[in-house]
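**Q** Would you mind keeping the following structure in view while I ask a few things?
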Amino acid sequence: MPFGLLKYGLSAKYPARRHFPKAKDLKPAYDVVIVGAGGHGLAAAYYLAKDWGITNIAVLDKGYLAGGNTARNTAIIRSNYLTPDGVRFYDESVRLYQGLSEEFDYNIMYSVRGHFTLAHTDAAMRTSRWRAEVNKHMGVDSELIYPDEIQRLCPSLNLSDDVRYPLLGALYHPPGAIARLDDMGIAPFLISSSVILSCAQRLMRRICSHCKEPVTYPAKMYQDLNMDPGIFEGVTLYRGRGCDRCKNSGYAGRMAIIEAMTVTDEVRRLIITRSSAREMGKVAIGQGMRTLRMVALDRAREGVSTLEQVLLLTAH
Ligand SMILES: Cc1cc2nc3c(=O)[nH]c(=O)nc-3n(C[C@H](O)[C@H](O)[C@H](O)COP(=O)(O)OP(=O)(O)OC[C@H]3O[C@@H](n4cnc5c(N)ncnc54)[C@H](O)[C@@H]3O)c2cc1C
Ligand SMILES: [Zn+2]
């Protein structure tokens, strides 16, 4: 397989798919000219067109589209910033990112991995605690965690004291994500013949068993969330009130929720014909796949996690 990939990569027979149209000749005038086609330039052009109907726009770049810093493979999409204004702004950005693949019908490879800002000094711990409190206050899932939990969530990190700067803790931000790390232009037939299963997963927080209590939500809330309260008919939902045992968070521990798509013959056919992610998802659900949202709702119905967690961790 590696040799096959190398041969494929070096051969001119399967040129990489063009993701953007070729640059056109410039017109004599535009309503808006944006210099720099990085994340901000392209987003400004896109939302001017989408939300304001301004479409006569030129985006100029000395390099290539979506280049600049935005193109670095290590970019993290997150909203655990320090100032309330920053948190609000980036939280909205993260929300927009989550819907982009659907909106464009183009897989931007958005992948939620969770983000750790490691703290090696007391000062870093103080800032992490400060950030966690600002974030929580603004409704962003972010908390200070200690080496035992870091070890559980990320076992490959070296947590020994026997290093120059031992790890004291981390600011953990479960929604932290990356995008388009993996689009290497591999031919669909190579994917369809080698991939047998595709998984998405999130870590869902468990309700603290020491302060767990039933909770009901007003009908207006379901209405605002565009959710059918009927899906909880006859079910008691729970939350954690907060106690000493869970440091007043109402949660203790996490569990994985997993959406797994088996690459069946039908899905294989869709990969080869480069069908959209939406279409593939529809077929997979028809064949019994349970989405992250469905699995998360089950955990809320079983009373092991909360409706807040369902909404925080899964898109519709
Ligand atoms: C090391 C590093 C790590 C970072 N990590 C993260 C992160 O993890 N998460 C995060 O959200 N942000 C991160 N950032 C910040 C993020 O990369 C930037 O905020 C973001 O890329 C800014 O977008 P932009 O469109 O303003 O600029 P850029 O993405 O830099 O785009 C600017 C574009 O303008 C073009 N350009 C420049 N001059 C001209 C010219 N004279 N004529 C024509 N075109 C021109 C360039 O070619 C480029 O394409 C990081 C930044 C750095 C440097
Ligand atoms: Zn508790």
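**Q** Percent of Cα-Cα pairs per 10 Å bin, from 0 to the last occupied bin, for region 30-72, please list those.
**A** For region 30-72, the pair-distance distribution reads 33, 52, 15, 0.
**Q** Going by Cβ distance under 4.7 Å, what cysteines of the chain have no possible disulfide partner?
**A** Cys154, Cys199
**Q** Another question, if that's okay. Hey, if you drop one equal point scatterer on each alpha-carbon of the chain and run the Debye formula without solvent, what base-10 log of I(q)/I(0) do you get at q = 0.06, 0.07, 0.09 Å⁻¹?
**A** -0.27, -0.37, -0.62
**Q** For the Cα atoms of the chain, what angle does the longest principal axis make with the long axis of helix 277-286, in degrees from 0 to 90, nearest 10?
**A** 50 degrees
**Q** Between 0 and 90 degrees, rounded to the nearest ten: what's the tilt of helix 84-104 against the longest Cα principal axis of the chain?
**A** Relative to the chain, helix 84-104 is tipped by roughly 50 degrees.
**Q** Here's something else I'd like to know. So, R0 is 51 Å and r is the distance between the beta-carbons of Phe3 and Ile285; what FRET efficiency does that work out to, to 0.05?
**A** Rounded to the nearest 0.05, the efficiency is 0.90.
**Q** Please rank Val33, Val94, fewest neighbouring Cβ atoms within 10 Å first, as an exposure proxy. Walk me through the numbers before you get to the answer.
**A** Working: Val33 11, Val94 19.
Placing the least packed residue first, the sequence is Val33, Val94.
**Q** A further question follows. With angles folded into 0 to 90 degrees, how steeply does helix 39-52 sit against the dominant principal axis of the chain? Use alpha carbons for both and round to 10.
**A** 90 degrees
**Q** Apply 1/(1 + (r/R0)^6) to the Cβ-Cβ distance of Gln201 and Ala29, taking R0 = 41 Å, and write down the FRET efficiency to the nearest 0.05.
**A** The computed FRET efficiency comes out at 0.25.
**Q** Ok, one more. Among the listed pairs Lys50/Lys136; Lys212/Lys282; Lys22/Lys50; Lys27/Lys50, give every one whose C-alpha distance is greater than 26 Å.
**A** Flagged as over cut-off: Lys50/Lys136; Lys212/Lys282.
**Q** Do the sum for the chain: with -39,500 (n - 2.57) for every DSSP H run of n ≥ 4, divided by all residues, what is the mean residue ellipticity at 222 nm, to the nearest 500 deg cm²/dmol?
**A** Result for the chain: -11000 deg cm²/dmol, rounded to the nearest 500.
**Q** Points 7 angstrom from Cα along the Cβ direction at Leu159 and Ala277: gap in nanometres?
**A** 3.2 nm
**Q** Remind me, relative contact order of region 30-72 in percent, using alpha carbon pairs under 8 angstrom and six or more residues apart? The partial results should precede the final answer.
**A** On the way: 54 pairs, mean separation 23.2, N = 43.
Reported as a whole number, the value is 54 percent.
**Q** Cα convex hull of region 73-180: mean projected area in nm², to one decimal?
**A** Reported value for the Cα convex hull: 7.5 nm².
**Q** Scale the Cα Rg of region 184-316 by the rule-of-thumb value 2.2 N^0.38 Å and send over the ratio, two decimals.
**A** Rg over 2.2 N^0.38 Å, computed on Cα atoms: 1.31.
**Q** Here is a further query. Hey, what's the Kirkwood Rh for region 133-180 if you take every pair of different alpha carbons, in angstrom?
**A** Taking every pair of different Cα atoms in region 133-180, averaging 1/r and inverting gives 12.3 Å.
**Q** What Kirkwood Rh does region 56-132 have if only Cα atoms enter the pairwise 1/r average? Answer in Å.
**A** Hydrodynamic radius (Kirkwood, Cα only) of region 56-132 equals 15.3 Å.
Any read-out appearing in this document is the output of simple, stated calculations on the displayed coordinates, not a laboratory observation. Please read all numbers here as calculations on a predicted model, not as lab measurements. No Cβ is skipped: glycine too gets one built from the backbone with ideal geometry, and neighbour counts run over all protein chains shown.
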